[in-house]
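Written out below as structure tokens is the structure these notes cover.
The values are calculated or read from the model by the stated rules, or taken from the named source; none is laboratory data. As the structure is a computational prediction, the values presented were derived from the model and not from experiment. FYI the Cβ positions are ideal-geometry reconstructions off the backbone, even for glycines, and counts take in every protein chain you see.
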């Protein structure tokens, strides 16, 4: 419970925590930002780490001059791309073994929701999933598990990483220090989180309304365009 409360406080006051890290650790903040984004996208056991909100906050501090905008963008774009690549490799080479272990860190419902995204959007799921928490973390793992061709995956991966990091970093850069946004940072972060989960909530409602008593499909999928 204490860990959950800490995570909530971290998300809502991300600007305060990030400012303290910048003041106390200087340029090491770049390494920390890289590590968080890499882990949030690269490992299916860390979907709880801040993603959208951290990118937005980083852009905000870049506008203040506390961080170098282009260094932040380059590093976090690369972290997002590398994270998905590692996640894909884990799914491709170790996915079946991991699922056979029935680990409590991999929730079947998350895998099923990600599979449904692939069923609906095909390979474009790798791009679209960037903007949906949890699905973002599981999509490359499922892509690797389902033997999606790496050459196809990497093109979607690069595009998705570029769009995701660009949108939130530059949104923070241009809008994060507007007084009404700066003075209500917690509200903005909550808004970002709520907007990002709308697609997942919409799909969940549609699935519940059209629920079929037939067994859930296997995780493997036929890739569509």
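Remarks
- Qualifying residue in segment 154-164 (condition: at pLDDT below 90 and either part of a helix (DSSP H, G or I) or in contact with a strand residue (DSSP E or B) (Cβ under 8 Å, 6 or more places away or on another chain) (or both)): no
- When segment 85-127 is filtered for residues that are surrounded by fewer than 19 Cβ atoms within 10 Å (Cβ to Cβ), over 13 Å from residue 141 (Cβ atoms) and modelled with pLDDT of 80 or more, only 124 remains.
- Any chance residue 76 is in contact with a helix residue (DSSP H, G or I) (Cβ under 7 Å, 6 or more places away or on another chain), surrounded by fewer than 20 Cβ atoms within 10 Å (Cβ to Cβ) and either within 18 Å of residue 160 (Cα to Cα) or modelled with pLDDT of 95 or more (or both): no
- From the list 67, 82, 55, 49, the one residue that fits, being surrounded by 17 or more Cβ atoms within 10 Å (Cβ to Cβ), at pLDDT 90 or above and in a loop (DSSP other than H, G, I, E, B), is 67.
- Selection from segment 43-77 of residues that are over 23 Å from residue 177 (Cα atoms) and without any contact (Cβ under 8 Å) to a residue 60 or more places away in the chain: 48, 49
- Residue 148, sole failed condition from (1) assigned to a helix (DSSP H, G or I); (2) modelled with pLDDT under 90; (3) farther than 19 Å from residue 48 by Cα: (1)
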